[in-house]
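Report on the structure given below.
The values are calculated or read from the model by the stated rules, or taken from the named source; none is laboratory data. All figures in this text were calculated on a predicted structure; none of them were measured in a lab. Here the Cβ is made from the backbone with ideal geometry for all residues, glycine too, and neighbour counts use every protein chain on show. We work out accessible area using only protein heavy atoms, side chains counted, and drop any ligands, DNA or RNA first. Shrake-Rupley method; radii C 1.70, N 1.55, O 1.52, S 1.80 Å.
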Amino acid sequence: MNQGIQTPSLRQRTIFSADGTAISYQTMGAGPGLIVVGGTLKTSEDYLPLASTLARSFTVHIVDRRGRGASGPQGPQYALGKEVEDLLAVQAETGARLAFGHSYGGLVILETARSFRLFDRIAVYEPGVPCAPVPTAWMAPYRERLGAGDPYGAFVHFIQGSGGAPAIMTKLPHWYLRMALRVGFRGPTWQRMRPLLEACLVEHEQIAAQQGRLTEFANVTSSVLLLVGGRSSPAHRAEFAMLRDTLPNAALETLDGLNHLGPSEQKSAPVVAERALAFFL
């Protein structure tokens, strides 16, 4: 658990997905069930501040998606459908009718809700549903740097090429940003992220594979709160507006001052959680 975070009592549980992969999740709080599914390069530990606020009113189940935490590996047959099977297993075990998803986790929840009417209400923060062409040029050099044992070099390719970084970071020389990360990014957050770098690539390949499927999400019948950070680029905010217009029962709201990492950062997570609470209650 992150030091300095006050959380309700945590209970760790493990269930098995359809292919036998162990899926671990942490549970806290009391009340109706609410499943939290996190993003790429994140573990359940990153969502404890968010979950602690949600746990005031709900029994919150924070999932460690396959490939992280105490869950099993992604496996050679990994695809978005495997994540759907994992979420189905957690929902069957917990009976939760509410869900919160961040980034790739939001894509997993909405993909599940397309075919299975399990959730009454869904809140997603900048979900990874592609509404415009997905940048992929960074993937080959990222894979090369990982293979060469250079995780910081790989991470720089991700930061500068995946489309979510501030403009100033994309303009820095690769060598300079790599050096800055090696010097200044060595703490617990990096230690959790480092083992997830290979999973990051595989998951972004899955995001790219969903290109052109936006209209299929019109099959999501749940009530959806679509949250976006005010510091995200205008282009990305326009894409989330496209998703809102596709979902039949969705509202789009902007949280001023937050970026894409809003739900997983200790200071901003309670802000996101308070808005989600108002929607779920």
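General remarks:
- Considering only alpha-carbon pairs that sit under 8 angstrom and 6 or more positions apart, the relative contact order computed for segment 56-130 is 26 percent.
- Computed [θ] at 222 nm, deg cm²/dmol, the chain (DSSP H ≥ 4; -39,500 (n - 2.57); rounded to nearest 500): -12000 deg cm²/dmol
- Taking the C-alpha atoms of segment 137-281, convex hull volume expressed per residue in Å³: 136 Å³
- Label point distance in nm, residue 221-residue 132, each placed 7 Å from Cα along Cα→Cβ: 3.3 nm
- Accessible surface for the chain, divided over its residues, is 43 Å² per residue with a 1.4 Å probe.
- Calculated from the alpha-carbon coordinates, segment 231-277 shows an Rg and a Dmax of 11.6, 32 Å respectively.
- In segment 120-177, the alpha-carbon atoms span a convex hull of 119 Å³ per residue.
- Values of log10 I(q)/I(0), in the order q = 0.10 Å⁻¹, for segment 55-153 under a Debye, Cα-only, solvent-free model: -0.36
- Remark: relative contact order (the chain) = 20 percent; criterion is Cα-Cα distance under 8 angstrom and separation of 6 or more residues.
- By the equivalent-ellipsoid construction on the alpha carbon gyration tensor, the chain comes out with semi-axes of 27, 21, 19 Å, ordered largest to smallest.
- Summed residue charge, Cβ within 14 Å of residue 196's Cβ, Lys/Arg positive, Asp/Glu negative: +1
- Each 10 Å bin, from zero up to the one with the longest distance, holds this percent of the alpha carbon pairs of segment 166-231: 14, 24, 38, 18, 6.
- A cut-off of 5 Å between modelled amide H atoms, ignoring neighbours fewer than 5 places along the same chain, links residue 21 with no other residue.
- Rotationally averaged projected area of segment 110-212 (alpha carbon convex hull; nm²): 8.3 nm²
- Computed packing ranks the peptides 54-62, 190-198 as 54-62, 190-198, most packed first, by mean other Cβ atoms within 10 Å.
- For residue 229, the residues whose modelled amide H falls within less than 5 Å of its own, excluding neighbours fewer than 5 places apart on the same chain, are 255.
- Amide hydrogen neighbours beyond the local backbone of residue 59, cut-off 5 Å, H modeled: 30, 31, 33, 34
- On the chain, 53 percent of the accessible area sits on carbon and sulfur atoms, based on a 1.4 Å probe.
- All lysines inside 29 Å of residue 171 as judged from Cα atoms, apart from same-chain residues fewer than 8 positions distant: 42, 267
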